[in-house]
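Participant: Take a look at this one; I'll ask things after.
The values are calculated or read from the model by the stated rules, or taken from the named source; none is laboratory data. Just so it is clear, the structure is predicted and the values come from calculations on it, not from any experiment. Ideal geometry is used to build each Cβ from the backbone, glycine not excepted, and the neighbour counts take in all protein chains shown.
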Amino acid sequence: MLLEPPPTVASVPTVPAETPLRELDPASRTWLADLRAGGARRDSAVVRLHALLLKAARFEIARRRPAYPHLRGNDLDDLAQQSADDALVAVLARLDEFRGLSRFTTWAYKFALYEAGAKVRKRAWQGREIPLDDPAWERFATAGSPQAGAERSELLAALGEALDALTQHQRRVFTALALNEVPIDVLAERLETTRGALYKTLHDARARLRGELADRGFDIEGSSE
């Protein structure tokens, strides 16, 4: 539902933070030792890690490809390479955060999956105008009983009026993310801000809208939409 609470900033990091420290499995210990070593030993480990991350990035991009048919083969390979490069930098910078809750390779994979997903979304929106001020209300039109359709139309009309209660920034962020389905990492890049800042703005906007709709007699909390 467009007014459902967004995930908290803490719940959507690049890779979920690990807290308890457990005894590492032998393979994970070897990975860490090699990556923290110097010279040829570290260089070899970095090359192996990059190959692992590239494999993960290609998998994620192939999984997402049906949703972005306009992306070409060269584009996809370029995105995979960029994703692996950026994931490698992130993994090496956060080695001390690995706590052994999973195998090291599983933990590292998540960096590549995240980078690949973000880069595919950004490439898909490259050159496209970000709709910040024109809500795509038609996206919420659904088939159903005449009564359900009338109730939904009434709610959407009230929501359109309630948007005026938001600040300009809140309205634009809510319109882009909740109504027009702009990916949050795309919007963060275009507005030169962070995902965390946008989540906070979206949370505040939804809270304000719930209050406005409640004042108009709509039971948003009890809605299953």
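Participant: Inspect all residues belonging to region 73-83 and state whether any of them is on the phi < 0 side of the Ramachandran plot, small (Gly, Ala, Ser) and either surrounded by 17 or more Cβ atoms within 10 Å (Cβ to Cβ) or touching a strand residue (DSSP E or B) at 6+ places or on another chain (Cβ under 6 Å) (or both).
Facilitator: So in region 73-83, the residues on the phi < 0 side of the Ramachandran plot come out as 73-83.
Now restrict to residues that are small (Gly, Ala, Ser): 73, 80, 83.
With the extra rule that they be either surrounded by 17 or more Cβ atoms within 10 Å (Cβ to Cβ) or touching a strand residue (DSSP E or B) at 6+ places or on another chain (Cβ under 6 Å) (or both), the set shrinks to 80, 83.
Yes, there is a match, as at least one residue in region 73-83 is on the phi < 0 side of the Ramachandran plot, small (Gly, Ala, Ser) and either surrounded by 17 or more Cβ atoms within 10 Å (Cβ to Cβ) or touching a strand residue (DSSP E or B) at 6+ places or on another chain (Cβ under 6 Å) (or both).
Participant: Hey, among the residues in region 162-190 that are at pLDDT below 85 and out of contact with any Leu (no Cβ under 7 Å at 6 or more places or on another chain), which one's nearest to residue 115 (Cα to Cα)?
Facilitator: Checked region 162-190; the qualifying residue nearest to residue 115 (Cα to Cα) is 185.
Participant: Has region 195-213 got any residue that is assigned to a helix (DSSP H, G or I), farther than 30 Å from residue 56 by Cβ, at pLDDT below 85 and not charged (D, E, K, R)?
Facilitator: Among the residues of region 195-213, not one is assigned to a helix (DSSP H, G or I), farther than 30 Å from residue 56 by Cβ, at pLDDT below 85 and not charged (D, E, K, R), which makes the answer no.
Participant: Looking only at region 150-186, filter to residues that are of a type outside the set (D, E, K, R) and free of Cβ contacts under 8 Å to residues at least 12 places away in the same chain; which one of those is farthest from residue 196 (Cα to Cα)? Explain how you work it out, then say what you get.
Facilitator: First, pick out the residues of region 150-186 that are of a type outside the set (D, E, K, R): 150, 153, 155-160, 162-163, 165-170, 173-180, 182-184, 186.
Checking which are free of Cβ contacts under 8 Å to residues at least 12 places away in the same chain leaves us with 150, 153, 157, 167-168.
On the way: 150: 36, 153: 32, 157: 30, 167: 18, 168: 18 Å.
The selected residue is 150.
Participant: Just for region 92-130: of the residues that are hydroxyl-bearing (Ser, Thr, Tyr) and modelled with pLDDT under 95, which one is farthest from residue 78 (Cα to Cα)?
Facilitator: Residue satisfying both the conditions and the ranking: 102.
Participant: Looking at region 189-221 only, could you name the residues that are surrounded by fewer than 16 Cβ atoms within 10 Å (Cβ to Cβ), acidic (Asp, Glu) and closer than 22 Å to residue 162 by Cα?
Facilitator: The answer is 215, 219, 221.
Participant: Name the pairs whose Cβ atoms lie under 7 Å apart, with the first residue in region 86-115 and in contact (Cβ under 8 Å) with a residue 12 or more places away in the chain and assigned by TED's automatic domain parsing to the domain that holds residue 76, the second assigned to a helix (DSSP H, G or I) and of a type in the set (S, T, N, Q), and 6 or more positions between them or separate chains?
Facilitator: What qualifies is 100/28; 103/28; 104/28; 112/83; 115/83.
Participant: For residue 107, which of the numbered conditions (1) in contact with a helix residue (DSSP H, G or I) (Cβ under 9 Å, 6 or more places away or on another chain); (2) surrounded by fewer than 21 Cβ atoms within 10 Å (Cβ to Cβ) fails to hold?
Facilitator: It is condition (2) that residue 107 fails.
Participant: Being in a helix (DSSP H, G or I), touching a helix residue (DSSP H, G or I) at 6+ places or on another chain (Cβ under 8 Å) and not β-branched (Val, Ile, Thr) is the filter here; which residues of region 166-190 pass it?
Facilitator: Scanning region 166-190 gives 169, 170, 171, 174, 176, 177, 178, 179, 185, 187, 188, 189.
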